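Report on one structure; see the data block that follows.
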Amino acid sequence: MKLEALHIRRLPGIDRPLHIETFGPGVNVITGPNASGKSSLLRALRMLIAPGPDDPPNLQLEATLGHAGEHWRAERFGREVVWLREGQPSEPPPLPAADTLSGYFLPVDELLRLTRSDTAIAAQLRKELAGGYDLAALRGDGGPLPIHPGRDRKAGDTLKAAEQALRDAESANRALLADRERLPELHTAIQRATEALHRRDHCRDALALIDARDATRAARADLATFPEIMPEGSAAQELERLEQRRDQERERHRQARDTMEAAMERLHRTGLGENADDAPDLPPMRRRLDEIRELTTRLEQARDQLHRDTTRVTENERLIGDEGGHPPRIDQYSVARLEEAAQTLARALGDWHQLGGDADGGAADTAPGTSTARSTWLDRLAIATSGVAVAALAYAGYGDSPAVATAAASGAAAGLAWLLWRSLRPRSGADTPDRRQRTESARRQLEEARTALRSLTADMGLALDTDTLPNHLQLLVQRLLRLDEARIARDESQARCDHLEHQLTPLREELRTSLAAWQSPPTSLATADLAHALDQLEQRVQAADEARREYAQARGEADQATAREQEANAALEQLYTRAAITVGDRDTLLARVEDLPDWKDATRALHAATVREDDALKRLQSAPDDLRALADADDRAGLTAELQRAQARSEEHDDLVREEERIHQRLRDAEHRFQLEQARAERDEARDALAERHDQRMVAEAGRFLLDAVEADHRRDHQPRAARLADRWLRRFTHDQFALELNDHGEPCARETASGEIRTLEALSVGTRMQLLLALRMAWVEEHEHGHAPLPLMLDEALATTDPVRFDAVATTLHALTRDSGRQILYLSAQPEDVERWQRATGEAPRVIDLAQLRASATRSPDPLPLPQPDALPEPDPEDPAAYAAALGVAPVDPYAEPGTLHLFHLLHDDLPTLHRLIADFRVTTIGQAESLLQGPAARHLDARACAMLERRATAARAWINAWRIGRGEPVDRPRLEQSPMGKWKHLDALVERADAVGGAPDALIASLREDRLPGFGDKRIQQVEQWLEQEGLLDHRPRLDAPGRHHAVLASLPDTGDAIADARLVVDTLESAVAPAPTSGSIRASSEVMPGW
């Protein structure tokens, strides 16, 4: 059954519908970045094919599948799944059982650990392989067929030790009886030896006395060569220290003097005295300068105000007509006269207009309602208003004269009343002589008023038009008022400026006088010049203060340095005085210090000789008289002769005493212990225990032999098809590097075909672990889909962490599965470069589905990374096998390594084309991989001759390695020693170095330890090492085989044919010449160097 299309309209995790209609029948590589919907695609398929009760309720999914030439469509709305067959409702197709569906969905996390499905698969395979029996329990320690090699060896060792103990007890008993007969003779000999021993000691004391006397005389003579008084031992160091201290203090004094001179020079440059009390008093000067600055600021402000007031006066003078340059004269009298003249002019104008005169003093039309009448009335009103304004001016401008103001106001009021009365009084329209006379009189009065007003304005300095003055009198009065105010303000500003100038001048003179006492006076009395001069004076004062402080500090340091220098000189003088040497005679002092060790040695020698002499005299008090006489006469020769005679007689004393004590102790032990009887009983008990262990071992060995045979026959005849399929898949994935095994706990493991080592899932690399679990799943799927519609195999990042070689192996296998069985593969990956890797591995481009492009996502798949090209396998040159071996990196032969790791070059160097094909086409490089290949179905791709030759040579290589190991045992290295009881010894490193030095050979290690013992390794520890080597089976006591013996062992392992003999000779000659030299340090395993000799 192949997936043709998938529509995801509603699924948790998918934010918008996803439609895929481009699935191919073979390999489909679905790419897309994380969160693009790859895992959601697998979830959708699972929920369609195998709906479960825990699925989300709101689902809307649809898939189109092809099976047996028919089209099926599965639709799911919510929890209901509907199947359509060729568009018609139908029952679901024959899908595999629900418990096997997990084998089709392979996310990456399930290929990194053993899941429940894998455990169930492995348990079923193990059960079928064992025929329903727990064979591991039969072989275990709790079963009926246990084997304990350590216990068997221990029972044998116990019997050996018991027999040896019995022999030792019988021999000791016979020796004890003979020694008891020798006791009287030993006692007499001990007495004679004791007397000789005492005389020997007295002779030694006498000789020691003579030696002590000689030493005393020699020490006195040696001591006499030195002066009576010698310096102390630390005199040289003390001299050096004091001289260095003196020189340092001199240098400090010199530096302090230099500092004083520099400070005094800076003080002189300031022009101030050395006494700080004579310095200028700066705070009052600074306060005076601050007052000057404040007054200067106020003066500048007053001058600015004076300038503004003067400008106002000039502007007001210009406005009132001061064109001649003479300012108007305004006073109380002039204003009063101006007011009176204005009133007179107003009355004259009123009379004139009342009589009907025009503005020019002639007759005019004065009828009511005419323009002349209106003008006359308005003129009257203006004159009246001017009178009021003049009155107000008089009051405002001259308010300090109440009489004048009152008079002006009274006159203005009277004039206003009169004007109003005149203006409101009805006029007579008759033109009579009397009227003409009054008119002429009014005209003359008007001219006189105008003339008086002109004269008055001229006197006041006002250049005004008297004809228009009545109309503009109010404006004129206002301007006169402002002019007067401006003059008053100007005068006040000028008075303030004069006052401030009067205050500033004495202050400046005072400050200039104060500054002149300490330096050149400022060039002017300007505030800036005074401030600059004061700042300079302050800087000089600060510089002078700093110079005085430096001078005082330097002077103190100079005084201290002088005092310390004097102390150092006094100490030096005392040093010379104590040594009885002239002060300053440095060479003599150092010479005596140099002789001081010899003087001390001579003194100690004299003291030691004197002590020895006294001790010898005390010890010699109990000596015979003849020996004391020889000592007093210093007869060394006579004492030496006596010593030799006594030494000869006393040499056996200690041995005789120990021998006597040993015999007595053994006799006491024999009275209280029954060693002989106990040794016999232990020997009999050990014999019985060994016989019992022998019977048990024979039964267990026989039972295990039968059990292994039965199990092997059952595995061979009844191996489950699923196990064979899983093993075949794993071999294909790994190029026969690993085969499938099940451990005692039923867990799937991988057996390395090269070494035979069984590795659990935890011990495998991530890539190999994924391949093993993938092989289990595929075998389980194939086993359980008989009679059911095969489903696509879906892998989610399943090969993300595998290496390129194994990726190619898995991809090639899956491609072959698709080609041979027509199974559809869906491979999901977030790495776009996997498409290129898949195409390079299979030679065909897979169907590529880019989810990011389909979903029109803003997140696009990253550009595929460039894949590294694999190193090309070099072509062999049959004429130069050495060059091909170097190109392949063939290592030397290490007989200690697992035989399966041996490189095939050592077996096929005479047939390089076959070797090249095995490496290039089958990825086989070692014997173990080749043997696994020969046992699998892939061997059919090799011709029969090559298979037979390869099998014979592999058998010969294994036989040669086994023969080489005879007599050599297993190698001993650091890991094994660290895991042994010796791993806790503090001398473990020394033991490891000795093992490395002998190449790891166990027998050579024991021999080396006995011949050249390490520190801390006595007989007991060497015996412990030897027992551990035997218990672990590392020692092989068989004699080693030489080269012919190894050749014969190889021939014995092969059939009696001409080809077998020829192959044996070639293999043996090759391995004998290519064996690696024994390592001298580090691990003793095979070296990674390229094999020499080719």
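You will find that of Leu572, Leu534, Leu606, the residue that is in a helix (DSSP H, G or I), in contact with a helix residue (DSSP H, G or I) (Cβ under 6 Å, 6 or more places away or on another chain) and either surrounded by fewer than 15 Cβ atoms within 10 Å (Cβ to Cβ) or not assigned by TED's automatic domain parsing to the domain that holds Met260 (or both) is Leu606 and no other.
Just a yes or no: is a residue in region 629-650 more than 22 Å from Ala189 (Cβ to Cβ), of a type in the set (Lys, Arg) and either surrounded by 14 or more Cβ atoms within 10 Å (Cβ to Cβ) or out of contact with any Cys (no Cβ under 8 Å at 6 or more places or on another chain) (or both)? Yes, there is a match, as at least one residue in region 629-650 is more than 22 Å from Ala189 (Cβ to Cβ), of a type in the set (Lys, Arg) and either surrounded by 14 or more Cβ atoms within 10 Å (Cβ to Cβ) or out of contact with any Cys (no Cβ under 8 Å at 6 or more places or on another chain) (or both). In this structure, Asp322 qualifies as at pLDDT below 75, outside any helix (DSSP H, G or I) and either over 24 Å from Leu525 (Cα atoms) or touching an Asp or Glu at 6+ places or on another chain (Cβ under 9 Å) (or both). For region 1-32, filtered to residues that are in a loop (DSSP other than H, G, I, E, B) and small (Gly, Ala, Ser), the residue that is nearest to Val781 (Cα to Cα) is Gly26. Sort out which residues of region 817-838 are in contact with a helix residue (DSSP H, G or I) (Cβ under 9 Å, 6 or more places away or on another chain), closer than 28 Å to Ala35 by Cα and assigned to a helix (DSSP H, G or I), and write them in order of number. If the condition is that a residue be in contact with a helix residue (DSSP H, G or I) (Cβ under 9 Å, 6 or more places away or on another chain), closer than 28 Å to Ala35 by Cα and assigned to a helix (DSSP H, G or I), then Asp834, Arg837, Trp838 are the ones that fit.
Apart from one condition, Gly1033 fits all of (1) surrounded by fewer than 16 Cβ atoms within 10 Å (Cβ to Cβ); (2) in contact (Cβ under 8 Å) with a residue 40 or more places away in the chain; (3) outside any loop (DSSP other than H, G, I, E, B); the exception is (3). The numbered conditions (1) modelled with pLDDT of 85 or more; (2) surrounded by 15 or more Cβ atoms within 10 Å (Cβ to Cβ); (3) under 26 Å from Asp152 (Cα atoms) are all true for Ala1007 except (2).
Entry remark, region 48-92: residues being exposed (fewer than 12 other Cβ atoms within 10 Å of the Cβ) and of a type in the set (Gly, Ala, Ser) number 4 in total.
Screening region 277-292 for residues that are assigned to a helix (DSSP H, G or I) and in contact with a Leu (Cβ under 9 Å, 6 or more places away or on another chain) and picking the one that is farthest from Glu509 (Cα to Cα) gives Asp278. With respect to Ala219, determine if the residue is at pLDDT below 85 and either buried (at least 17 other Cβ atoms within 10 Å of the Cβ) or aromatic (Phe, Trp, Tyr) (or both). Against the criterion (at pLDDT below 85 and either buried (at least 17 other Cβ atoms within 10 Å of the Cβ) or aromatic (Phe, Trp, Tyr) (or both)), Ala219 does not qualify.
Each residue in region 576-592 was checked for being farther than 13 Å from Ile229 by Cβ and either part of a helix (DSSP H, G or I) or acidic (Asp, Glu) (or both), and 5 of them qualify. When the residues of region 930-946 are filtered to those that are part of a helix (DSSP H, G or I) and charged (D, E, K, R), the one that is modelled with the lowest pLDDT is Arg940.
Checked against the criterion of being of a type in the set (Phe, Trp, Tyr) and closer than 23 Å to Arg151 by Cβ, region 1018-1033 has at least one qualifying residue.
In this structure, is Glu550 out of contact with any helix residue (DSSP H, G or I) (no Cβ under 6 Å at 6 or more places or on another chain), part of a helix (DSSP H, G or I), surrounded by 14 or more Cβ atoms within 10 Å (Cβ to Cβ) and assigned by TED's automatic domain parsing to the domain that holds Thr270? Judged against the criteria, Glu550 is not a match. Within region 177-231, the set of residues being more than 30 Å from Leu575 (Cα to Cα) and either of a type in the set (S, T, N, Q) or not in a helix (DSSP H, G or I) (or both) comprises Arg182, Thr188, Gln191, Thr194, Thr216. For Leu1014, the stated conditions do not hold, so it cannot be described as surrounded by 18 or more Cβ atoms within 10 Å (Cβ to Cβ) and of a type in the set (A, V, I, L, M). When Arg683, Arg658 are screened for being at pLDDT 80 or above, surrounded by fewer than 14 Cβ atoms within 10 Å (Cβ to Cβ) and in a helix (DSSP H, G or I), only Arg658 passes.
Annotation: Ala35 fulfils all but one of (1) touching a residue at least 24 places away in the same chain (Cβ under 8 Å); (2) surrounded by fewer than 17 Cβ atoms within 10 Å (Cβ to Cβ); (3) closer than 28 Å to Glu783 by Cβ; the unmet one is (3).
On the given criteria, is Arg592 modelled with pLDDT of 85 or more and either surrounded by 13 or more Cβ atoms within 10 Å (Cβ to Cβ) or on the phi > 0 side of the Ramachandran plot (or both)?
Details: modelled with pLDDT of 85 or more: no; either surrounded by 13 or more Cβ atoms within 10 Å (Cβ to Cβ) or on the phi > 0 side of the Ramachandran plot (or both): yes.
For Arg592, the condition - modelled with pLDDT of 85 or more and either surrounded by 13 or more Cβ atoms within 10 Å (Cβ to Cβ) or on the phi > 0 side of the Ramachandran plot (or both) - is not met.
Pull up region 757-793, narrow it to residues that are crowded, with 21+ Cβ neighbours inside 10 Å and basic (Lys, Arg), then point me to the one that is nearest to Gln929 (Cα to Cα). This residue is Arg769.
The values are calculated or read from the model by the stated rules, or taken from the named source; none is laboratory data. Just so it is clear, the structure is predicted and the values come from calculations on it, not from any experiment. A quick note on method: Cβ atoms are made from the backbone with ideal geometry, for glycine too, and the neighbour counts reach across all protein chains shown.
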